[in-house]
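Engineer: Shown below is the structure under consideration.
The values are calculated or read from the model by the stated rules, or taken from the named source; none is laboratory data. Remember, it's a predicted structure, so these values are computed and weren't measured experimentally. Quick reminder, even Gly has a Cβ in these numbers, built from the backbone with ideal geometry, and neighbours come from all protein chains shown.
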Amino acid sequence: MSEEGGGRRQDSEYQGPKKPHKAEARPTNWAEPVILVMLRQWNSYGYELMERMAEFGMEATNPGNLYRTLRRMEKNGAVKSAWDTSKGGPPRRVYSITDAGEAYLEFWAQALEQYQSNVDAFFRIYTGRPTPTSDDKKDDDKKDDDKK
């Protein structure tokens, strides 16, 4: 081992960082706000939620994981469910968002706004774009007002 490169220790066998097979860049527990935002639009049953999760980058949702998440969310008071026996076939559990779920979704929305700001800052630096100034923000706001 030698001391090179600004005080970093380097092994002669070190080959650099390994590339990940697939980049996953979404928050932990991403399924919960996704479920809540869908239930905010309309009540739904598990299979339908699973199909719609692809819109949020969750193409291969495991049914067992989804139902465990729904049960946990129900236990925590974010969603509630009732059996729907009105249609032909077996009864299905229909899920809906609760007031506590609405509050949790608002928390997630605020956290995701901050996360988005962090990601935007990352890409500004990564691509070498200048950081927007407060004057640029005012110009953008004025353009938005002019469109209305």
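Engineer: So, in the stretch 84-101, how many residues would count as being surrounded by fewer than 12 Cβ atoms within 10 Å (Cβ to Cβ) and modelled with pLDDT of 95 or more?
Structural biologist: Residues flagged as surrounded by fewer than 12 Cβ atoms within 10 Å (Cβ to Cβ) and modelled with pLDDT of 95 or more within the stretch 84-101 amount to 1.
Engineer: Any idea which of (1) surrounded by 12 or more Cβ atoms within 10 Å (Cβ to Cβ); (2) among the hydrophobic types (A, V, I, L, M, F, W, C); (3) assigned to a helix (DSSP H, G or I) is the one PHE123 doesn't satisfy?
Structural biologist: Unmet for PHE123, out of (1) surrounded by 12 or more Cβ atoms within 10 Å (Cβ to Cβ); (2) among the hydrophobic types (A, V, I, L, M, F, W, C); (3) assigned to a helix (DSSP H, G or I): (1).
Engineer: Another question, if that's okay. What is the residue count in the stretch 48-84 for residues that are more than 16 Å from ALA100 (Cβ to Cβ), free of Cβ contacts under 8 Å to residues at least 24 places away in the same chain and assigned to a helix (DSSP H, G or I)?
Structural biologist: Number satisfying all stated conditions: 11.
Engineer: Suppose the filter is crowded, with 18+ Cβ neighbours inside 10 Å, closer than 14 Å to GLY101 by Cα and of a type in the set (Asp, Glu); does GLU32 pass it?
Structural biologist: Yes.
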